[in-house]
Amino acid sequence: MCGRYVMAQSVGDLVAEFDVDETYVETVEPSYNIAPTDPVPIVLDRRDRETGGTSRKLVPARWGLVPPWSKDTKGAARLINARRETVTEKPSFRKAAAAKRALVPANGYYEWEKRAAQEAAGKAGKVEKIPTYLHAADGGLLAFAALFENWPDPTLPPDHPERWLRTCTILTGPASDTLGYIHDRTPVIVPREMWDDWLNPETTREEDVRALIDSMPEPHLTPRIVGSMVNSVRNNGPELIEPVG
DNA sequence: CCAGACGTTGTT
DNA sequence: GTCTGG
DNA sequence: CCAGACGTTGTT
DNA sequence: GTCTGG
């Protein structure tokens with residue numbers, strides 16, 4: 001799955017990498033330990049009323065989707081992932097799948113591997129999960145397939161600047177055999193040549209979105225065992241992704 | 001009809 | 001908002 | 001995802 | 001054990 005990740009690029013990097021037209025994010029704090037409910041930058045495409053063309057935007061969002069009908073934001077921390085198999089059907093995700101697709105930029109993400117070998121060896125003691133950092137083999141930026149939603153805070157008046165909360169969720173799929181030994185689910189990673197198709201706001205029919213999702217390939221990632229400092233969200237910094245012997 | 005859920009993960 | 005369960 | 005809390009009362 | 005916070 002994807003419950004903790006790394007995004008240490010600057011706004012400038014993201015604008016260049018994703019060919020962003022408009023940015024609504026002034027600065028991005030590099031984070032090597034992004035956790036559910038944290039603010040994150042996301043990329044989306046919207047149709048421009050003036051020009052009729054499509055504009056790519058870098059916007060702030062909070063990780064953990066809050067459906068627009070939610071009474072409050074409690075429980076958002078559980079909607080950090082959406083299963084690709086069912087996302088076009090689930091009431092919490094189907095509207096967003098049709099009309100609010102996004103990309104979440106990331107350098108990599110963490111899994112906590114509970115290894116069979118460790119289990120066998122540790123019958124006497126307790127089983128420690130092994131934090132593992134997964135990243136592109138070439139170190140390149142990843143783009144997680146994501147959905148977003150806009151949630152109107154019912155406790156605030158319609159004209160209040162904080163009335164609308166944008167939240168997001170990252171799609172997951174079954175892990176390939178090569179990654180499956182670490183974890184049975186992995187985030188859906190959109191290859192660069194599919195970014196435009198994924199973000200295209202004109203693609204709204206369920207069957208078209210379904211086909212789009214089904215066309216997403218298995219991610220090819222490199223695992224690296226890291227230290228347990230990443231376990232606590234209070235820790236941050238490049239040392240979290242340093243390899244551990 | 002109204003009430004209540006709406007989700008994923010891991011673990012057993 | 002929309003679906004399911006009662 | 002993991003870490004850390006998990007409770008009430010009265011008094012300062 | 002289970003929920004909340006980050």
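Eigenvalues of the alpha-carbon gyration tensor of the stretch A:72-114, scaled by 5 and square-rooted, set the equivalent ellipsoid semi-axes at 21, 15, 12 angstrom, largest first. Summed over the residues of chain A and divided among them, the accessible surface reaches 52 Å² per residue at a probe radius of 1.4 Å. Based on Cα contacts under 8 Å between residues 6+ apart, chain A shows a relative contact order of 23 percent.
The slack between residue A:155 and residue A:26, meaning 0.36 nm per residue of separation minus the straight C-alpha distance, is 43.7 nm. Cα centroids of the stretch A:126-192 and the stretch A:203-245: 7 Å apart. The Rg/Rh ratio of the stretch A:177-236, with Rg taken over Cα atoms and Rh as the Kirkwood radius over Cα pairs, comes to 1.12. Taking trypsin sites (Lys or Arg not before Pro) as exposed when DSSP calls them loop (any state but H, G, I, E, B) and at most 14 other Cβ atoms lie within 10 Å, what is the longest stretch of chain A free of them, the sites themselves excluded? With trypsin sites (Lys or Arg not before Pro) excluded where exposed in loops, chain A gives A:130-204 as its longest stretch. Measuring spread by the Cα atoms of the stretch A:103-245 yields a radius of gyration and Dmax of 18.9, 61 Å.
Only lysine pairs 8 or more places apart, or on different chains, with alpha-carbon atoms under 19 angstrom apart are counted in chain A, and they number 8.
Size descriptor for the stretch A:158-206, Kirkwood hydrodynamic radius: 14.2 Å (Cα pairs only, one decimal). For residue A:130, the residues 5 or more places off, or on other chains, whose built amide H falls under 5 Å of its own are A:113, A:114, A:115. Taking amide H atoms as placed 1.01 Å from N in the peptide plane, the amide H of residue A:23 lies under 5 Å from those of A:58, each 5 or more residues away in sequence or on another chain. Note on residue A:207: accessible area approximately 120 square angstrom, rounded to 10, probe 1.4 Å, nucleic acids and ligands left out.
Close amide H contacts of residue A:171 (hydrogens built in the peptide plane, cut-off under 5 Å, sequence separation of 5 or more or a different chain): A:82, A:145, A:146, A:147, A:188. The portion of the accessible surface of the stretch A:100-241 made up by carbon and sulfur, rounded to a whole percent, is 51 (1.4 Å probe; DNA, RNA and ligands excluded). Averaged over every viewing direction, what's the projected area of the C-alpha convex hull for the stretch A:21-162? Give it in nm², one decimal, please. Answer in nm², one decimal: 12.8.
Along its principal axes, chain A has C-alpha extents of 64, 38, 36 angstrom, given from the largest down.
The calculated FRET efficiency for residue A:114 paired with residue A:50, based on their beta-carbon distance and R0 = 41 Å, is about 0.20.
Across the alpha-carbon set of the stretch A:1-78, the Rg to Rh ratio works out to 1.02, Rh being the Kirkwood radius.
The values are calculated or read from the model by the stated rules, or taken from the named source; none is laboratory data. Just so it is clear, the model here is predicted, and its values are computed rather than measured. Positions of Cβ are generated from backbone atoms using ideal geometry, with glycine treated the same way; all protein chains shown enter the neighbour counts. Note: areas computed on protein heavy atoms with side chains; ligands, DNA, RNA excluded. Shrake-Rupley method; radii C 1.70, N 1.55, O 1.52, S 1.80 Å.
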